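See below for the structure under consideration.
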Amino acid sequence: EKGNFRHFMAKEMHEQPEVVAHTLAHYLDMANETVQLPELPFDFARLERVSIAACGTAYYAGLVAKYWFERFARLPVEIDVASEFRYREAPLPANGLSIVISQSGETADTLASLRYARQEGQHLLAVVNVPTSTIAREADVVLPTLAGPEIGVASTKAFTCQLATLAALAVAAGRARGALSTEEERSLVHALVEVPRLMNEALSLGGDIEHLARSFAKTQDVLYLGRGTSFPLALEGALKLKEISYIHAEGYAAGELKHGPIALIDEKMPVVVIAPHDAVFEKTMSNMQEVAARGGRIILLTDTSGAQKASLETEATLVLPDMHPLVAPLVYAIPIQLLAYHTAVVMGTDVDQPRNLAKSVTVE
Ligand code: M6R
């Protein structure tokens, strides 16, 4: 049931503070500010490498997690879209962990990747939203995302619950590998506990975003830029927009701008710059400068500190509260979803059931 919402997607976006809190409560010991995962059939301290395979939005959750595993656990990660992973016959290390991520747990390519990894003798961990799914059944260990049923074809709450689960897993890996001190673990867990409140603040940008969507609905192309964990967010923003509004959009690592996409900049195409005030903020700002110098239309998504430091004129600046860099992807996902949603509503498309798409892709 949609309740008071016009679409399932709207309902599911607004459920995020609650379902993410639920998912986090499952993996964290809030009182002691530590992670608490179910017992794992492998030892993170002895793992050589992680390989991740998933499709679409679940793949972008995996891309974010790669940054986390490398930073917080000093654990090397390779990641592929499942349709490539399953056929490229990658050699996998003797003591390797394979992670697959899927809302439905039935995506054909993701399932085939899991089976390939089994053949290669990997430990198999699945982050899945549907607990009775094939992928959940075939993995050695399942970390459920507690998003509840997701009806809208565009994935929203499943994505942020995947991020919550993977963040807890990365912190657990960091602890097991001795890469994080007790103090560091505590501050990361503390940051995660803040997420539902931050998500509510992000949802309150809805009115401003609705306004912005009116001009978005008139454009042909949109470019999304970000660095670090904001790079997968840029990819996710572009996917969400094209899926439900049918407007062409591309996500790029901001540093790639001058290697091609800068040629697209004109006074018509909006450029969404995702830039929390983190370690790569200044670098992203200089890319934004390059866009501004060519008369580009800039929509800046940042935080209070970032908004103070950004000296350029933008068409719009959406400001979130300052937050720990670990949790930025979970919170920044919301304005990105809202922008796609409101644009699609202005365009009058079928938001929950966009053309040509299925909720679960069970054939390759
Ligand atoms: O069920 P899964 O998470 O395995 O699905 C993967 C993709 O098909 C899915 O995320 C798709 O990209 C969504 N429609 C994105 O909104």
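Give me the dipole magnitude in Debye, nearest 20, for the chain about the Cα centre, with unit charges on the beta carbon: positive for Lys and Arg, negative for Asp and Glu.
Values: 31 positive and 44 negative charges, 72 e Å.
The dipole magnitude comes to about 340 debye.
Per residue, what volume in Å³ does the Cα convex hull of the stretch 126-262 take up? Write out the running numbers ahead of the final one.
Values: hull volume 22.8 nm³, N = 137.
It is 167 Å³ per residue.
For the stretch 237-364, take the convex hull of the Cα atoms, compute a quarter of its surface area, and give me that in nm², please. Don't jump to the answer; show the numbers that get you there.
Values: hull surface 37.0 nm².
Directional mean of the projected Cα hull area for the stretch 237-364 stands at 9.2 nm².
Going toward the positive end of the dipole of the chain, with +1 on Lys and Arg Cβ and -1 on Asp and Glu Cβ, which of 21, 228, 324 do you reach last?
228
What ranking, highest mean first, results for peptides 28-41, 235-248 when packing means the other Cβ atoms within 10 Å averaged over each residue?
On the way: 28-41: 13.9, 235-248: 23.4.
Averaged packing, sorted descending, gives the order 235-248, 28-41.
Between residue 219 and residue 18, what is 0.36 nm times their sequence separation minus the Cα-Cα distance? Round to one decimal in nm.
Working: separation 201, 0.36 × 201 = 72.36 nm, distance 3.39 nm.
Taking residue 219 through residue 18 to full extension adds about 69.0 nm, to one decimal.
Normalise the Cα radius of gyration of the stretch 49-133 by 2.2 N^0.38 Å (N = residues in it) and let me know the number. Write out the running numbers ahead of the final one.
Details: Rg = 11.8 Å, N = 85, 2.2 N^0.38 = 11.9 Å.
My calculation over the Cα atoms of the stretch 49-133 gives 0.99.
Determine, at each q value in 0.12, 0.19, 0.22, 0.23 (inverse angstroms), the log₁₀ of I(q)/I(0) that the Debye formula gives when each Cα of the stretch 1-102 is one equal point scatterer.
For the stretch 1-102, the Cα-only Debye profile gives -0.57, -1.10, -1.24, -1.28.
Carbon and sulfur: what percent of the chain's accessible surface (1.4 Å probe)? Don't skip to the answer; put the middle values down first.
Numbers: 7200 of 14670 Å².
Answer for the chain: carbon and sulfur cover 49 percent of the accessible area.
Inverting the mean 1/r over all pairs of different Cα atoms, compute the Kirkwood radius of the stretch 228-290 and quote it in Å. Before the final figure, lay out each step's value.
Values: mean 1/r = 0.0810 Å⁻¹.
It works out to 12.3 Å.
How many percent of DSSP beta bridges within the chain run antiparallel, rounded to 5?
If we restrict to bridges inside the chain, about 5 percent are antiparallel.
Find the Cα radius of gyration of the stretch 31-175, compare it with 2.2 N^0.38 Å by division, and give the number to two decimals. Numbers along the way, then the final one.
On the way: Rg = 13.9 Å, N = 145, 2.2 N^0.38 = 14.6 Å.
After normalising by residue count via 2.2 N^0.38 Å, the value is 0.95.
Taking the chain as the region of interest, what is the percent of Cα-Cα pairs per 20 angstrom bin, listed from the shortest bin to the one with the maximum distance?
31, 59, 9
Any of 66/258; 157/268; 242/283 with alpha carbons more than 30 Å apart? Name them for me.
Numbers: 66/258 25 Å; 157/268 32 Å; 242/283 27 Å.
Long pairs (Cα-Cα over 30 Å): 157/268.
Of 277, 143, 354, which is farthest on the positive side of the dipole of the chain, counting Cα position, with +1 on Lys and Arg Cβ, -1 on Asp and Glu Cβ, and the Cα centre as origin?
So the residue furthest toward the plus end is 354.
Rolling a 1.4 Å sphere over the protein heavy atoms, what is the accessible area per residue of the stretch 43-158, to the nearest Å²?
Numbers: 4230 Å² over 116 residues.
Result: 36 Å² per residue.
Counting only heavy atoms of the protein chains, get the accessible area per residue of the stretch 231-327 (1.4 Å probe) and round it to a whole Å² value. List each step's numbers first, then the result.
Values: 3970 Å² over 97 residues.
With all protein chains present, the stretch 231-327 gives 41 Å² per residue.
Can you compute the charge dipole magnitude of the stretch 177-235 about its Cα centre, using +1 on each Lys and Arg Cβ and -1 on each Asp and Glu Cβ, nothing else charged? Give it in debye, rounded to the nearest 20.
So the dipole magnitude of the stretch 177-235 works out to roughly 180 debye.
Could you size up the charge dipole of the stretch 276-364 around its Cα centre, putting +1 on the beta carbon of Lys and Arg and -1 on that of Asp and Glu, and report it in debye to the nearest 20? Write out the running numbers ahead of the final one.
On the way: 6 positive and 10 negative charges, 31 e Å.
The calculation lands at about 140 debye.
Test of understanding: what is the full-extension gain from residue 362 to residue 138, defined as 0.36 nm times their sequence separation minus their Cα-Cα distance?
Numbers: separation 224, 0.36 × 224 = 80.64 nm, distance 1.57 nm.
Extra length available between residue 362 and residue 138 comes to 79.1 nm.
Once amide H atoms are placed 1.01 Å from N in the peptide plane, what residues at a sequence separation of 5 or more from residue 28, or on another chain, have their amide H within under 5 Å of its amide H?
36
The values are calculated or read from the model by the stated rules, or taken from the named source; none is laboratory data. Just so you know, these numbers come straight off a predicted model, no measurement behind them. Cβ sites come from the backbone with ideal geometry, for glycine too, and all protein chains shown count toward neighbours. Ligands, DNA and RNA are stripped out before the accessible areas are found, and what is left, the full protein with its side chains, is counted by its heavy atoms. Shrake-Rupley method; radii C 1.70, N 1.55, O 1.52, S 1.80 Å.
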